[in-house]
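One structure is given here, and the rest of the page talks about it.
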Amino acid sequence: MSKKKHQSPVDGRLITILSIDGGGIRGIIPAKILEFLESELQKLDGEDARIADYFDVIAGTSTGGLMTAMLTAPDANNRPIYAAKDIAPFYVEHGPKIFPQSGLLGSMDVLVGPKYNGKYLQELTREILGQTRLHHTLTNVVVPSFDIKLMQPTIFSSYEVKNLDYKDVLLSDICIATSAAPTYFPPHSFTNVDGLGQCWDFNLIDGGVAANNPTLVAVREVAKEVMNKREDFFHIQPLDCAKLLVISLGTGSAKQEEIYTAEMASEWGVMSWLFRPNSTPIIDVYNQASTDMVDYFLSLIFQAHTSQQNYLRIQAENLSRDSSSVDVTTEENLKDVVEIGECLLHSPFSRVNMQTGNSEPVVGGGTNKDVLIKFAKILSDEQKFRLSKSQHVN
């Protein structure tokens, strides 16, 4: 399977990165953001424009990993199998079958096993992605997972697969693994054979336990390429944030009063931390902490290098109890989450306040929609510049 050549950053002025958080059915929220971004790119470059054409690397964890595969896996014409506008409807259609609602009594099964058997998700991803492997993607991808046998993160990276061909696994296996959230889905195990015939075993769970916000993992992969002076990056200086253009998309966070209090949790034991109605507190805490710390760190780094205009983080905040859940797929909640994604476009553009750690609207910054229109123009101009330069050299 051949693929359309992605214009190398060596021909450009920027290294472009897109990152999508984990969050189950809340993946609808970044899907709506990407739908708008892609529509703006199509206004500039034609209806055939797709997200994968504009980013040097797309990273995704859990539901973000599934979205990454949908945006980058090639069809028979070497174009992405899904346009961004198709992703939210995909979640609305298949979400209730991935996360079937069984009520409180049925959800008690989580005490003795995973809440869901994961069979529908597995069959769906295998049907969609078929025999597509990591090296087939139309641009570089980075998807984290965690190997519970080795007790260490396993990062599936297009950059690493060049030298570690045992990681050139099926995209479907990557999606199933990075989505295997503890207590929700069973771990995913499989074997891959490298070019020398050696078998490699994987015992993987959700990438969210390592990097629910995978933006920093994506930046790390790019930084390694820069440090090693790979051909696509040899002219870039390490930690040159002015050369990075990063769009990081969250899947939403809950209202503070809708979550937990110290008084509420003071008498919790193991089971209470693992199971509450429509939530798993310990996972919620770890995922939110991981997500926010990555945003805080990158905001600081970009501001320290006076390149804050190159880092865009869009996150919905103050979600209600159901809409903040990863697996409530009632018709009403699906409608609410779609609306949250649409409304987020009109919310004020915000950045982390380095003094308080809180996200605050940027004075004069406009809305997220306004900022995405600006980023779409930058992305379009970058691709035109690369194409012009590569044609001139050739």
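List of remarks:
- Start at zero, step by 20 Å, and the Cα-Cα distances of the chain spread as 28, 60, 11, 0 percent across the bins.
- Whichever aspartates and glutamates have a C-alpha closer than 19 Å to that of Lys229, once near sequence neighbours (fewer than 8 apart) are set aside: Asp11, Asp56, Glu160, Glu221, Asp240
- Using alpha carbons only: equivalent-ellipsoid semi-axes of the stretch 265-394, gyration tensor based, whole Å: 36, 20, 16
- Point-to-point label distance, Arg230-Lys369, nm (Cα→Cβ direction, 7 Å offset): 3.7 nm
- For the stretch 338-385, the solvent-accessible area works out to 53 Å² per residue, with a probe of 1.4 Å and every protein chain left in place.
- Positive minus negative residues near Ile15 (Lys, Arg vs Asp, Glu; Cβ under 11 Å): -4
- Normalising the average separation of contacting C-alpha pairs (under 8 angstrom, six or more residues apart) by the number of residues puts the relative contact order of the chain at 23 percent.
- On full extension, the segment bounded by Gln101 and Asn78 gains 4.6 nm, given 0.36 nm per residue less the C-alpha separation.
- Among the listed pairs Lys167/Lys224; Lys85/Lys369; Lys32/Lys119; Lys224/Lys374, a Cα-Cα separation exceeding 24 Å is found for Lys32/Lys119; Lys224/Lys374.
- In terms of its C-alpha gyration tensor, the stretch 111-262 has an oblate overall shape, because the principal axis ratio a/c (a ≥ b ≥ c, square roots of the eigenvalues) is not below 1.5 and a/b does not outweigh b/c.
The values are calculated or read from the model by the stated rules, or taken from the named source; none is laboratory data. None of the values given here were measured: they were computed from a predicted structure. Here the Cβ is made from the backbone with ideal geometry for all residues, glycine too, and neighbour counts use every protein chain on show. These area figures cover heavy atoms from the full protein model, side chains too; ligands, DNA and RNA do not enter into them. Shrake-Rupley method; radii C 1.70, N 1.55, O 1.52, S 1.80 Å.
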